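Working notes for the structure below.
The values are calculated or read from the model by the stated rules, or taken from the named source; none is laboratory data. Since the structure is predicted, the reported quantities are computational estimates derived from the model, not experimental observations. Quick reminder, even Gly has a Cβ in these numbers, built from the backbone with ideal geometry, and neighbours come from all protein chains shown. In case anyone asks, the SASA skips ligands and DNA or RNA and just uses the protein heavy atoms, side chains included. Shrake-Rupley method; radii C 1.70, N 1.55, O 1.52, S 1.80 Å.
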Amino acid sequence: MRFKTLSVGRKTGASWSMDVGYGLMGLPLALLGLPFYFYMPNYWYENWGVSLAAIGLALFVTRIADMVTDPLVGLYSDRWESRFGYLRQTQFGAVLLIVGTWPLFFPFASLFQQYTFGYLVVWSFVAFLGWTWLAVPYQAVVSRLTHDPDVKTRLTSFREGFGLVGVMLALSLPVILSETPTSQPVFEVLFGVLLVTLLVALAVQSGRFRETLKRKRPDSVRVTSIRSLWRHHRWSFGIMPAYFFNGLANAFPATLFMFFVSDALQMEAQAGVLLAVFFVSGVLGLPFWFWLSTKVEKYQAWAFSMLFSAISFTGLIWVEVGDFYAYLAICVLTGWSLGADLALPSSLQVDLVHRLEKQSAQAAGTLFGLWGLLTKLAIALSLGIALPLLDLLGLEQGSTSAITALWWMYGVIPVCLKLFAVGWVLCFGRQWT
C-alpha cells in the first residue's frame, strides 16, 4: 500500500522518518505519567515529610485547574497558530514543563518547607500547563501533516507506541538503578532522560516538519469557537460520549490497580511485573490494530477493541487470591487492546478535524483541548469516587465490604462502561468518517 503525505516530493520512502519524527515526542510526554501519578506523592511524603492531606489537596486543586486549561489552551492554540506557529508553541510548552518539573523533582528546601501547599500548587500548575501546551498542539498537528486516513492512524500509532515505551522506561528505571521508585537517584536520572528526549524530539520535529508546517491554511478556513462549533457543527461532538465513557472505563482500573493487586489478590510483590506485561502487550498489539483499521472502518476497529477488552475483563471471574498466572493472562489480553484505545480514537478525532476544515472551520486545538478535558475529568471522577468509597468501607482494615467494592469497581463497572461506549460507537460511528 502506498501512503500519501504532505511532504514535498516524498512518498512512501520517507514514511519511517515521518512516523518516527512525529511519534518521538510521545516518549517524553509519557515519561512523566508514572512519576506524577504514582511516584511523586510518596516521594514528597517519604523524603520531605509532607502530610498526605496537603499533597492530596494540592494535587486536587491543580488537577481541577489543569482540566479547565485544556480547552482554553486548545482555543488559543488555534488562534495563535498563524502568528506563532506549531513549533514555537511546542517549544514554549516544553520550557514551561521543564521549569515546572525541576522544583517538584528537586524542591527548594526553605520555600518547600515553609510554604508547602502553595509551593506544590504553583509548581504543579506550571508543570501541568506546560504539559498541556505541548500535548494539545502536538496531537492537533497530525491534521497538518497528512490527509490520508491510514497515515493518520499510523502516525497516532507511533505516537502512542513511543508513549508506551516512555511508560516502560519510567517503570524500569528503579530496577536498572537498583533503587526504590521514590529515591532521589531515580528522580535525578528521570529528569535527565526527560530533558534529553524532549530536546531531541523538538530538534527532530523542527528539522523534519518545518517546511510542511510553514504552509498556510486556506484563507477560507477560519478559527471556530466552541459555541460556533456547537451551533453549526454539532456532529463534531458526537464522538465525545464514547470517548469519555471509555476513558472512565480505563481510569477505574488504572486508579485501583495497586490496591487491587495488593489487597484483593495479595500479590503486591508481583505488581511491577504485571504492570510491565500489560504495557508490553499494548506495544505488541499496536500493529494488529493498525492493520485492522485498514481492513474495516476505523470506528468499527475501535468498537471491536473495546468489546475485546470488556470480554477479557470478564475473565476476572476465574481469578482467585494469589492466582498469578490467571491474572497475568488478563493483563496480556486487556493490554492487547490498550494500543487501540490510545491510537484509534485519536485518529478518528483527526478525521473530524479534517472534515471541519473542508467546511472552512479550523478547530483542531479547540477539539483536542475538549478531549483532553474529558480525559482528565474521567481520571478525576475515578479518583473522587473510588478512593473515598474504599476509605469509607475500611479498605485499610481489610474489611470484606471494601474488598467486594474493589472487585466491582475494578472488574465490573469498567465492563459496563465499555459496553455502553461500544454501543454508542456502532450506532453513531459512521457519522464521524
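The table for this structure:
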{"quantity": "Average accessible surface area per residue within the chain, 1.4 Å rolling probe, Å²", "calculated": "44"}
{"quantity": "Separation of the Y325 and M258 label points, Cα + 7 Å toward Cβ, nm", "calculated": "3.0"}
{"quantity": "Full-extension gain in nm, H354 to W407, via 0.36 nm per residue minus C-alpha separation", "calculated": "14.9 nm"}
{"quantity": "Most mobile listed residue (I385, I98, I311) in the chain, GNM with C-alpha springs under 10 Å", "calculated": "I385"}
{"quantity": "The chain, relative contact order [Cα under 8 Å, separation at least 6], %", "calculated": "26"}
{"quantity": "Cα-only Debye scattering, region 227-360: base-10 log of I(q)/I(0) at q = 0.11, 0.15 Å⁻¹", "calculated": "-0.48, -0.77"}
{"quantity": "Nitroxide proxy distance, nm - points 7 Å out along Cα→Cβ at N47 and V175", "calculated": "2.2"}
{"quantity": "Spin-label pair T314/Q184, simplified geometry with 7 Å Cα→Cβ offset, distance in nm", "calculated": "5.3"}
{"quantity": "Low-density loop cleavage sites - chymotrypsin sites (Phe, Trp or Tyr not before Pro) in region 335-433, where at most 14 other Cβ are within 10 Å (DSSP)", "calculated": "none"}
{"quantity": "Solvent-accessible area, 1.4 Å probe, carbon plus sulfur percent, for region 276-395", "calculated": "73"}
{"quantity": "Extension gain from C416 to Y37, taking 0.36 nm per residue of separation minus the Cα-Cα distance", "calculated": "133.9 nm"}
{"quantity": "Descending semi-axes in whole angstrom, ellipsoid equivalent of the chain, from the Cα gyration tensor", "calculated": "34, 27, 21"}
{"quantity": "Cα convex hull volume per residue for region 116-177 (Å³)", "calculated": "100"}
{"quantity": "Close Lys-Lys pairs in the chain, where close means Cα under 24 Å and separation is 8 or more or interchain", "calculated": "24"}
